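Worksheet: the structure to be examined is printed underneath.
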Number of protein chains: 2
Amino acid sequence: MPQLYPPLEAPKRLLFGPGPSPVAPRVYQAMQQNVVGHLDPFFFQVADEIRELLGYVFSTANLRNLAVSGTGSSGMEAAVANFTEPGTKLALLTNGFFADRIGEMARRHGAEVTRLAKSWGEPFDAQEAREFIRRERPQVVALVQAETSTGMYNQAKPVCEAAHEVDALVIADCVTSLGGMPVLVDENGIDIAYSCTQKGLGCPPGLAPMTISPRALERLRARQTPVQSWYLDLELLDTYYSGHKYHHTASATMFYALREGLAMVAEEGRENRWERHRRNHLAFVAGIQAMGLAMHVPEGHRLWTLNTPRVPEGVDDAKVRQYLLERHGLEIAGGFGPLAGKIFRIGLMGYGSTADNVLMLLEALEEALAEQGYQPVASGKAAAETALDRAR
Amino acid sequence: MPQLYPPLEAPKRLLFGPGPSPVAPRVYQAMQQNVVGHLDPFFFQVADEIRELLGYVFSTANLRNLAVSGTGSSGMEAAVANFTEPGTKLALLTNGFFADRIGEMARRHGAEVTRLAKSWGEPFDAQEAREFIRRERPQVVALVQAETSTGMYNQAKPVCEAAHEVDALVIADCVTSLGGMPVLVDENGIDIAYSCTQKGLGCPPGLAPMTISPRALERLRARQTPVQSWYLDLELLDTYYSGHKYHHTASATMFYALREGLAMVAEEGRENRWERHRRNHLAFVAGIQAMGLAMHVPEGHRLWTLNTPRVPEGVDDAKVRQYLLERHGLEIAGGFGPLAGKIFRIGLMGYGSTADNVLMLLEALEEALAEQGYQPVASGKAAAETALDRAR
């Protein structure tokens with residue numbers, strides 16, 4: 001047969017945007033394992049291992065940990081679809097794009113959405129958040145622990161405490177925190193957390209890890225109406241993964257990849273992994289600031305996985321990104337919405353968060369900025385090297 | 001770092017159930033290509049190639065061909081979520097499990113579902129189907145072209161004609177036909193077709209190929225309410241794939257696999273591929289009947305991808321399946337619902353539909369049935385060999 005379609009030759013990108021992050025060779029290898037059926041004993045063995053490893057990575061004793069067969073956004077939709085129904089009052093803490101996406105999904109499911117809004121990248125005041133929840137008395141509270149649009153880490157604990165006072169469930173978006181920084185589901189009191197595979201876990205996109213508290217499960221069983229989404233119905237999914245009753249044809253290949261990514265977290269140790277991300281983040285920030293750039297998010301509220309320096313005055317961020325992509329095959333992202341043209345979004349996640357990558361990124365960025373006429377105050381790379389040495 | 005989690009060692013299954021089917025080495029290789037971002041120019045190049053190849057495989061001039069980021073069932077849910085809204089009248093032609101699943105999804109979306117029901121594996125009478133549609137005057141008609149629960153091929157053309165007379169759209173489930181037998185979207189007049197990757201296309205599960213007619217698109221734009229599913233909202237997905245505007249993080253890896261599976265269809269030629277499936281199906285049936293087993297679905301209504309012989313009197317189908325799995329690593333499936341214990345479901349799909357596999361399967365089945373005390377009337381393998389010789 002003539003091979004009219006030559007094999008794909010994907011460019012080798014250095015993935016330092018907000019995800020996908022670089023995939024470890026071991027994860028690629030796992031995807032070479034033979035596909036088995038979605039009801040094969042081996043498939044369920046892998047699914048069980050994933051359940052257990054997800055408990056470890058989410059830091060939870062929950063038994064309901066699973067991977068939804070879709071990308072991170074399908075995890076968000078599963079959370080919304082299962083825990084809202086027409087008329088549910090959902091209180092949203094929003095200081096970025098992904099929080100508002102939760103609101104958009106909730107409205108589509110008939111929920112009444114009420115918002116406590118800050119500008120993109122501005123922290124919430126814990127007391128204000130508590131008062132908002134006490135005043136609104138919602139059934140569900142939603143927040144984004146790791147806001148990918150701004151690089152901000154939002155504290156879940158005060159929100160969860162206030163939510164539980166009024167008997168509300170808490171949904172937390174952990175898409176850009178899981179595997180790179182503490183999600184701490186149980187310690188924070190998060191009821192429903194979802195994430196993705198292509199950031200802190202270093203796998204290709206394709207599954208949405210989730211965890212569900214016993215409290216949330218109870219609420220799910222007390223719903224008045226069926227979940228609008230059959231595909232994302234968590235009770236049906238539980239019957240499949242725990243009861244081995246056919247629901248949909250889960251992808252063995254994607255499960256192999258996720259198992260491998262999670263195994264790598266367990267072997268490194270989650271605390272060590274968080275510390276690695278923190279150290280490399282701090283070194284990167286030291287470099288950025290030495291160059292004279294400012295960080296968009298205030299200190300103490302920054303993600304360790306995704307850095308958001310402000311674009312210096314007079315620099316065209318699109319040209320910087322284009323330069324990096326064309327010259328170095330290096331992908332970073334820009335801001336969007338109110339932050340379009342104002343920030344860079346530079347990920348150091350999972351397999352990609354290394355000291356070498358910090359230095360390489362700073363050097364490439366310095367070069368790209370110089371190309372745009374920006375003169376750094378001092379060498380970013382040197383400052384990062386000092387920070388890395390100190391951390392050793 | 002200690003490797004606490006040794007590499008996965010998936011058993012090498014011979015996949016002859018209703019899917020997943022065997023994956024070609026070339027598809028596995030494609031998944032080794034570097035992951036790129038979901039907004040990378042290379043990603044969109046692959047997505048465009050998939051759009052074009054899907055048009056070829058679905059036999060349609062539609063421009064809206066895409067792959068939804070979920071398994072085949074997410075394609076079903078996308079079809080239902082986008083083309084029904086509360087109060088939509090949906091007329092369902094059902095003679096199997098998957099048709100009723102469409103009904104279940106439609107009810108969850110607030111549609112009013114009316115059914116023309118036959119027993120599992122009984123063909124529809126074209127005239128009766130037409131009268132049902134003319135009488136009900138629905139906005140949407142749904143049918144399953146290839147019913148995976150029974151092995152039945154339902155003719156779409158008379159249904160589409162009657163539906164269009166009353167200005168209804170037609171949704172067709174092509175999960176077990178695409179890539180293995182003629183779907184013929186345009187010739188049949190199907191408005192919305194969806195499928196999966198792990199059957200006739202020979203890829204791992206993980207994406208749901210779809211095609212949408214211009215008529216359906218118009219109807220979509222005239223909706224009164226937003227699509228309940230944000231994740232499966234086809235207008236947002238179109239803005240992503242055609243307009244390159246971020247929606248969700250599609251999986252480069254899964255797209256590489258699908259591109260390769262589709263390229264293999266194009267290189268073989270879709271008509272040649274259908275003929276290969278037809279020839280191997282007929283040989284398998286000749287063997288089955290020579291052994292003295294009956295086919296559940298009447299001649300002329302059978303899928304070429306999935307064969308459903310009846311379980312002979314006195315034989316425990318679960319024991320036969322267990323024997324095949326344990327002795328030969330060979331996966332076939334049983335029936336379920338009203339067909340539990342009554343049929344086998346034996347797939348010969350995609351890369352797995354070969355003359356050698358027909359003979360191997362018949363030999364193994366003969367052995368497993370003999371183990372259960374069933375004496376075949378004649379050799380299935382010999383009859384299949386004769387049929388294959390004649391077809392050459």
**OP:** Taking B:P86 as meeting all but one of (1) farther than 30 Å from A:Y5 by Cα; (2) surrounded by fewer than 22 Cβ atoms within 10 Å (Cβ to Cβ); (3) within 22 Å of the chain's Cα centre (by Cα), write down the number of the exception.
**Re:** (3)
**OP:** Could you grab me the full set of residues in the range A:5-23 that are touching a Leu at 6+ places or on another chain (Cβ under 9 Å) and hydrophobic (A, V, I, L, M, F, W, C)?
**Re:** A:L14, A:L15, A:F16, A:V23
**OP:** Starting from the range B:353-368, keep only residues that are of a type in the set (K, R), then list their pairs with residues that are assigned to a helix (DSSP H, G or I) and surrounded by fewer than 16 Cβ atoms within 10 Å (Cβ to Cβ) whose Cβ atoms are within a distance under 8 Å, requiring at least 6 positions of separation or different chains.
**Re:** none
**OP:** Being buried (at least 19 other Cβ atoms within 10 Å of the Cβ) and out of contact with any His (no Cβ under 8 Å at 6 or more places or on another chain) is the filter here, so list the residues in the range A:29-42 that pass it.
**Re:** A:A30, A:M31, A:Q33, A:N34, A:V35, A:V36, A:G37, A:D40
**OP:** Hey, could you check the range B:211-235 for residues that are surrounded by 17 or more Cβ atoms within 10 Å (Cβ to Cβ) and of a type in the set (A, V, I, L, M, F, W, C) and say which is farthest from A:P86 (Cα to Cα)?
**Re:** B:I212
**OP:** Would you be able to tell me the number of residues in the range A:93-129 that are more than 11 Å from chain B (Cβ to nearest Cβ), surrounded by fewer than 24 Cβ atoms within 10 Å (Cβ to Cβ) and either within 28 Å of B:T84 (Cβ to Cβ) or aromatic (F, W, Y) (or both)?
**Re:** 5
**OP:** Select from the range B:8-28 the residues that are more than 7 Å from chain A (Cβ to nearest Cβ) and either under 12 Å from B:C203 (Cβ atoms) or surrounded by fewer than 17 Cβ atoms within 10 Å (Cβ to Cβ) (or both) and list them in ascending order.
**Re:** B:E9, B:S21, B:P22, B:A24, B:P25, B:R26, B:V27
**OP:** Give A:L330, A:L325, A:L348 a once-over and let me know the one that is within 26 Å of A:P204 (Cα to Cα) and more than 14 Å from every other protein chain (Cβ to nearest Cβ).
**Re:** A:L348
**OP:** Could you tell me which residue of the range A:191-211 is nearest to the other protein chains (Cβ to nearest Cβ), considering only residues that are in contact with a Phe, Trp or Tyr (Cβ under 9 Å, 6 or more places away or on another chain) and either closer than 22 Å to A:C160 by Cβ or of a type in the set (S, T, Y) (or both)?
**Re:** A:A208
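Here, each number is a calculation from the coordinates, and none is a lab measurement. Predicted model, so just to flag it, every value in this text is computed and none were measured. Glycine gets a Cβ as well: all are built from the backbone with ideal geometry, and neighbour counts include every protein chain shown.
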